[in-house]
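Novice: Attaching a single structure in structure tokens format; questions to follow.
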Amino acid sequence: MTLSATALPASLLAFTVSFSLAAEAAVPEPAPSPEAFAERLHAETNVAGGLTADEAAQRTAASSGEVAARDAEIRAAAAAVDQAVVAFFPRLGGVARYTRYSSIEAPVLGTLVAADAPAGPLPSGTPLVNVPIRFPVVLDATTFQASLTLPISDYVFRLGQQHGAAVQSQAAAKLTAEAARRKARTDARVLYYEWARAKLSRVVAEAAVAQATGHLEDVRKAFDAGTSSRADVLRVEAQVAAADQVAVRARTLT
């Protein structure tokens, strides 16, 4: 037995038409395919000539002021080791000095009385000569001095410990520099992945906006058909607004 639409009661016919419209309105719009979403992510993460995490770490370590300071400490510690080694060598010293004094008149130290006669008693009437006693004044003074110092006691009590401390300080400076270099690289990688997460979060947020917008259209159609309430529409509109806010924030970060 076949029933036609004209044979049905008016109320049943109206219910059938309303149910048909509601069913059509409840059909969701097709969401973006996983292949399209994966292609979008691939386009964001595979840029020709783009910066990688390792490159970011290397550039950061090469330009870090902290790493440069630690490398300078290594060079200073190496110089201290060389200084401690040189302290073992005997020290040879020398001094050369020249002095020019002011010209002065030679002082008279005394007077000698002499006669132009042979040794022995002086004959009567022999003339005597007065001769002053003076020493010559040397105006130029030149000094040469050499010394050789061998620190025997320092070999036993000081130099060995000093050299060992310098070597340990150099090793500590190397470890500190390596720690600073690794920290710079690690921080660069963390910042890189934070940036990558923000960039990919933008793609996810935009996809969430598109999905929420499609859901809103479905709910509005269902509301027009009478199968959903106004509260459902407002709730989905709030979800769309929240998703759009997240997307705007993600765009700002990238």
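All of the numbers you see were taken from the coordinates with simple rules; none came from a lab. Since the structure is predicted, the reported quantities are computational estimates derived from the model, not experimental observations. As a convention, Cβ positions derive from the backbone with ideal geometry for all residues, glycine included, and neighbour counts pool all protein chains shown.
Novice: Please find the FRET efficiency linking GLN162 to ALA69, where r is the Cβ-Cβ separation and R0 is fixed at 35 Å, and quote it to the nearest 0.05. Spell out each step's value before the answer.
Specialist: Numbers: r = 25 Å, r/R0 = 0.71.
E(calc), rounded to 0.05, equals 0.90.
Novice: Where Lys and Arg each count +1 and Asp and Glu each count -1, what net charge lies around ALA56 among other residues with Cβ under 15 Å from its Cβ? Each step should come with its number before you reach the end.
Specialist: On the way: positive: ARG59, ARG181, ARG182, LYS183, ARG185, ARG189, ARG197, LYS199; negative: ASP54, GLU55, ASP187, GLU194.
Surrounding charge for ALA56 is +4.
Novice: I would also like to ask the following. On a full-extension model of 0.36 nm per residue, what is the gain between VAL108 and ALA242, subtracting their alpha-carbon distance, rounded to one decimal in nm?
Specialist: Working: separation 134, 0.36 × 134 = 48.24 nm, distance 11.56 nm.
Residue separation times 0.36 nm, minus the Cα-Cα distance, leaves 36.7 nm.
Novice: What's the Kirkwood radius of segment 143-250 in Å, using all Cα pairs? Could you put the intermediate results ahead of the total?
Specialist: Working: mean 1/r = 0.0481 Å⁻¹.
Evaluated on segment 143-250, it is 20.8 Å.
Novice: Let me ask something else about it. Using 18 Å as the cut-off for backbone N distance, which residues of segment 84-115 belong to the label zone defined by a point 7 Å from the Cα of ALA146 along Cα→Cβ?
Specialist: Residues passing the 18 Å test: 90-98.
Novice: Place a +1 charge on the Cβ of each Lys and Arg in segment 82-159 and a -1 charge on the Cβ of each Asp and Glu, then give the dipole magnitude about the Cα centre in debye, rounded to the nearest 20. All intermediate terms of the calculation are to be shown ahead of the outcome.
Specialist: Working: 5 positive and 5 negative charges, 35 e Å.
That gives segment 82-159 a dipole magnitude of about 160 debye.
Novice: Along Cα→Cβ, 7 Å out, is where each label goes; now give me the distance between the ones at ALA119 and ALA96 in nm to one decimal.
Specialist: 4.8
Novice: Between ILE133 and PHE88, what is the FRET efficiency for a Förster distance of 51 Å, r being their Cβ-Cβ separation, to the nearest 0.05?
Specialist: The calculated FRET efficiency here is 0.35.
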